[in-house]
Amino acid sequence: MASVAGAVADSYNAGFLGSPFSLSFTPIDMPTSTRLASDRYPVTVIIGLEVHAQLKTQTKLFCGCATQFGMPANTQVCPVCLGMPGALPVINREAIELSVRTGLALNCSIPPLTKWDRKQYFYPDLPKGYQISQFDLPICADGYLDITDPADPDSTRHIGIVRAHLEEDAGKSMHDESAGVSDTKIDLNRCGTPLLEIVSQPDLRSAAEAKEYLSELKLLLTHLAVSDCEMQEGSLRADANVNLHLDVDGKKVATPIVEVKNLNSFRNVQRAIDYEVERQLVAWEDSGETINDAPKRTFGWDDASERTFPQREKEESADYRYFPDPDLLPVRLPRDMIDEIRSSLGELPAVTRTRLQNQYGLKFYDADVIVNQGPAMIDYFETAASHSGDPKKTSSWIMQEVMRTIKERDVEIQSFPVPPNRLGELVHKIVDGKLDNARARDVFEYLLDHDENVDTALAALGIEAVGEDDLLELCRELLAANPQVVEDVQGGKQQAVGALIGKARAKNPNANPKAVRQTLLDLIAQA
Amino acid sequence: MLDSTSTILELLRSGDATAREVTEQALRAIGATQPSINAYTHVAYDAALNAAEAVDRDRKAGRPLPPLAGLPVAIKDVLCTADMPTTCSSNMLRNFTPPYDATIVANLKRAGAIVIGKTNMDEFAMGASTETSAMGLTRNPWDEDRTPGGSSGGAAAAVASGTVPLSIGTDTGGSIRQPAAFCGITGLKPTYGRCSRLGLVAFASSLDQAGPLGWSVEDVAIGLQAMAGYDPADSTSVDQEVPDLQSAVATDNLQGVRIGVLRDSIDQEGVAPSVRKAVSDAEKVFTDLGAEIVEVSLRHSPYWVPTYYVIAPCEASSNLSRFDGAHYGHRQSAQDADGAVDESLAKAEPLEAMYRASRAAGFGSEVKRRIMVGTYALSAGYYDAYYNQALKVRRLIRGDYDTAFESVDLLLGPVTPSPAFGLGENIDDPIAMYLCDLFTVGANLAGVPALSLPAGVDDEGLPVGIQLQAPVMQEAKLIAAGAGFQSKTEYHRLRPSGFIVS
């Protein structure tokens, strides 16, 4: 059934620049059994993402508790994050700075003043009975993130950012319904950790675009060192708002908006959106219900059954009774502080990606892979390339040998055993014709375990350039011993020399295959 | 002796009394008055005696002692104490002991004060008579058929009944000043932000402020000096040095001080003649001291009470959300002892039923009333008409104060429309009770400091108070004027009949 949704996404991308597409639809195992009476509507998928990124602060948003993941339950708590009577919040300056950093990188405007509001609801993992959040004066507003169009890597899609606001996280409720009892345990370690909620415009048009947006956002947040973005640890979570615009006989019909909550992996974001697109088509066909007939609904995603499902809803829509938190003063964000943060941003990933293509002639894919590895890898590449004189060859060495080693040895690029200048020198020897790829790989392997420069490594491995005279002698010997090859080449089969190259290497491993080949051909021509 | 902070400190310093003697005497006085007055929710017999003995040992050993070493004080039960229960006079927190001391409690302890107990109050500081307490009502030491006022009624009665020379109350809409007036003592509400609110269980966060109660201005100045100061753990506390308040006490010359009399409030209908007389007598005293009296009006004063009774319940409805039975405090299941489920909760989810049962049983009716009012006023569709509108009016009220303080140094007026009212008199009439705050809530809405001084006695022998208000951070001006007033008057020396003299 994923194929149908895939068709929605792919066809839509194809149709995005032109006319809407037609959808051929065969529901399988859908929540309603009704088949679509009409199976062809031009459909536009409308998606907006709300991303919660946990900021990498030392301490929580309003108290001094640590934010480390995976600690024993209720050990990183204090009267403030436990919501004890009389406790008061104090804003964490680092969280403000990280938020401004993110906002600037997302092309947001940073208001001169931001304030705190209480969002009120009762739940056991929210011990104060309200969450301190930001309602009408978020710390970042009105920005955008350009993403690569998944349907066409040469073009970009401009995704608007409505706002990004700071808020405190809630704790975790763990429901234990084993043995016929229903018991809930509460861990408040996470309570009060700073979250930046980044809200996109409903500008995404497919699950693939949503995934691309999320990866680009994750890349940016990790590049800026504002968040670890570990989805499995919950430091990056996404809610997807999804609905469809159907063109029914020239009339635009919108389906009710569904917010799919707490998507905790890229894969689930895609699958939930794909599923929801299908579900909404069937539901609309079934009931004819449009956005005017139903309020926004909240759904969850069930990983096991691969379905979205409606979460418990109150009769009336939730009223959070937001009001300004009287325990906290508004925060002034002075221009010079913002300018200082702006000037410390450095080059952002999207710019680096383009620059690597323009400055070094890398392909999009290669530039993307390097940029995705983060700032340390970008530095490594640029240093190595400047020593090698051949950025493309350098990048392919990085993508093959270096990245393979990182994976195999579980090391960081920052502490990679072959420093970038050394890799550059090694690649330079290949470019110069002093080493062939196979020998260079031997040297690379040697350097992984020996902190020596390239020439020392060559000496240690007994690799030295074969002199012209030695080469001539070697080739003459080979030709004398293999008259058939001489005959074949003279008969027009040049590739016959290939058989001798291997033999030459067997006699002298340092012999450069290219040089051997040329010398052999020259000698045969002279004969 | 227990009616003067400065005297006790002098006796302790000179060695004429030990801290243990003073503490024992305070405990005896509590023992004698508690059955009738019920000023306390908790008395820390052992802890107080141990602390007193430690002070005596230090003094004997010649170690340097902090300024209030050995002084017994009582703390309103809305302020967190790590070694005593903090109940807010509510069933919700009947068995609750916080894990930490409020900053002002810690400050007082560091200054050497001995916390002798916690004082009764209206539940969660909501009320003006201490009758909404779940720990039983407190009686006025001047007339046990009358209320001591509220919400710091226990703190005022603790002083007025001679158990401690100094107590700490909190004032959200008049809760220090009104009970001080009803009990014939002096009470000071400092500038919002002068004293840390960390550990003050919030009723209305933008209005709450703790302050001292004692017989004299000198005593409350000593108390404020010890408790006040910037606290980085309270974002709303003000980062400003506390001036030397004792030197302000020494001032008895008010030459050049302009005092604005709030004539509108005095002339208001329903203000008792004894209150009018106290204010006009005070004008004469201040004139004799060299002050210039002018008439001033605060234009939006008719809107004080309505504005207050929107903002305070809104904040309260939010602040009291944390009392839900889940983590601490009273928890009640929807089932009674026989397993029968309350009809109104039968259809609720178990979690919601627990919340509802716990809050229904844990809170008294005045607290519930304010939670409901506040919840309503913050609801979608009503927010602009109530809360937001109240914030706008609050800005106008502050503007009135700013304007007034451009031409005068202090404002003079009544504290309450009448002296102490009888027990039960207003308890079933919330509006009448709310009108007790008529003259006091302005200072909270504007954040300015205000002082309640004993300034008269009515025909029935009940104390009558007057109120002085000053610009923000100008407590020293209040203290200077108040001390000047008390140098020329004897009202702060009057004691209830049967007062324990030791």
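General observations
- Per-residue extension of 0.36 nm, minus the Cα-Cα distance of A:Thr156 and A:Asp522, leaves a gain of 126.5 nm for this segment.
- Over 26 Å (Cα to Cα) - which of A:Lys128/A:Lys261; A:Lys185/B:Lys76; B:Lys76/B:Lys488; B:Lys277/B:Lys477; A:Lys115/B:Lys76 fall in this group: A:Lys185/B:Lys76; B:Lys76/B:Lys488; A:Lys115/B:Lys76
- Estimated FRET transfer efficiency when R0 is 30 angstrom, pair A:Lys507-A:Val411 (beta carbons, to 0.05): 0.20
- In this simple spin-label model, placing a label point 7 Å from the Cα along the Cα-to-Cβ direction at both A:Ser305 and B:Ala385 gives a separation of 4.3 nm.
- Anchor A:Lys514: lysines whose Cα lies under 22 Å away (excluding residues fewer than 8 positions away in-chain): A:Lys392, A:Lys393, A:Lys429, A:Lys434, A:Lys493, A:Lys503
- Relative to the longest principal axis of the Cα atoms of chain A, the long axis of helix A:420-431 makes an angle of roughly 40 degrees.
- The mean count of C-beta atoms from other chains within 10 Å of the C-beta of residues in A:84-96, rounded to a whole number, is 6.
- Residue by residue along A:122-131, Cβ atoms of other protein chains within 10 Å of the local Cβ number 5 on average.
- Loop GluC sites (Glu not before Pro), the range A:247-313 (other Cβ atoms within 10 Å of the site Cβ: 12 or fewer; DSSP): A:Glu313
- Across the range B:244-258, rounded Karplus estimates of 3J(HN,Hα) from the backbone phi angles (6.51 cos²θ - 1.76 cosθ + 1.60, θ = phi - 60°) give 6, 7, 5, 5, 5, 4, 5, 5, 10, 10, 10, 3, x, 7, 9 Hz, Gly and Pro being marked x.
- Contact order for chain B, expressed relative to its length and based on alpha carbon pairs under 8 Å spaced 6+ residues apart, stands at 18 percent.
- Reduction of at least 20 Å² in accessible surface, 1.4 Å probe, comparing all protein chains with the chain by itself, residues of the range B:97-115: B:Pro99, B:Tyr100
- Taking the inverse of the mean reciprocal distance over all distinct Cα pairs, the Kirkwood hydrodynamic radius of chain B comes to 22.6 Å.
- Largest first, the three principal axis extents of the alpha carbons in the range A:95-244 are 56, 40, 32 Å in whole numbers.
- Averaged over A:323-330, number of beta-carbon atoms from partner chains that fall within 10 Å: 6
- For the range A:227-247 versus the range A:479-527, the gap between their alpha-carbon centres in whole angstrom: 61
- Rounded tilt (10° steps) of A:375-388 against the dominant C-alpha axis of chain A: 20
- Residues in the range B:236-265 occluded by at least 30 Å² - accessible area, probe radius 1.4 Å, against chain by itself: B:Thr236
- Here's the picture: charge each Lys and Arg Cβ at +1 and each Asp and Glu Cβ at -1 in the protein assembly as shown, and of A:Leu345, B:Ser216, A:Gly374 the one pushed furthest to the positive end of that dipole is B:Ser216.
- Rolling a 1.4 Å probe over the protein heavy atoms of the range A:271-350, with every protein chain left in place, gives an accessible area that is 47 percent carbon and sulfur.
- Accessible area per residue, Å², the range A:9-316 with all protein chains present, probe 1.4 Å: 42
- Cα point-scatterer Debye curve for the range B:303-421, base-10 log of I(q)/I(0) at q = 0.12 Å⁻¹: -0.65
- Relative contact order [Cα under 8 Å, 6+ residues apart], the range A:346-460, whole percent: 22
- The calculated FRET efficiency for the pair B:Arg263 and B:Ala432, based on their C-beta separation and a Förster distance of 22 Å, comes to about 0.35.
- Unit Cα scatterers, Debye sum, chain A: log10 I(q)/I(0) for q = 0.07, 0.10, 0.12 Å⁻¹: -0.57, -0.93, -1.16
- A:Arg332 paired with A:Ser344, simple spin-label distance in nm, labels 7 Å along Cα-to-beta-carbon: 2.0
- Per-peptide packing, taken as the mean over residues of other Cβ atoms within 10 Å, places A:339-346, A:200-207 in the sequence A:200-207, A:339-346 from highest down.
- Taking label positions 7 Å along the Cα-Cβ direction at both A:Asp469 and B:Glu425, the computed distance is 12.6 nm, reported to one decimal.
- Along its principal axes, the range A:468-526 has C-alpha extents of 30, 19, 19 angstrom, given from the largest down.
- For the range A:143-229, applying the loop criterion from DSSP together with a ceiling of 14 other beta carbons within 10 Å to the GluC sites (Glu not before Pro) yields A:Glu177.
- Accessible surface of the range A:390-498, 1.4 Å probe, proportion on carbon and sulfur as whole %: 45
- Over the Cα atoms of the protein assembly as shown, the radius of gyration divided by the Kirkwood radius equals 1.15; this is the Rg/Rh ratio.
- With Cα atoms defining each centre, the range B:168-204 and the range A:86-131 are spaced 30 Å apart in the structure.
- Between B and A, buried accessible area from a 1.4 angstrom probe totals roughly 2800 Å², ignoring ligands, DNA and RNA.
- Shielded by partner chains, the range B:305-321 residues - at least 50 Å² of accessible area, 1.4 Å probe, vs chain alone: B:Ser318, B:Ser321
- Whole-percent carbon and sulfur share, accessible surface of chain B, 1.4 Å: 50
- Per residue solvent-accessible surface (Å²) - the range A:346-460, probe of 1.4 Å: 48
The values are calculated or read from the model by the stated rules, or taken from the named source; none is laboratory data. Small disclaimer: the values here were computed from a predicted structure and weren't measured. In this analysis, Cβ positions are derived from the backbone assuming ideal geometry, glycine residues included, and neighbour counts consider all displayed protein chains. For accessibility, only protein heavy atoms count, side chains too; no ligands or nucleic acids. Shrake-Rupley method; radii C 1.70, N 1.55, O 1.52, S 1.80 Å.
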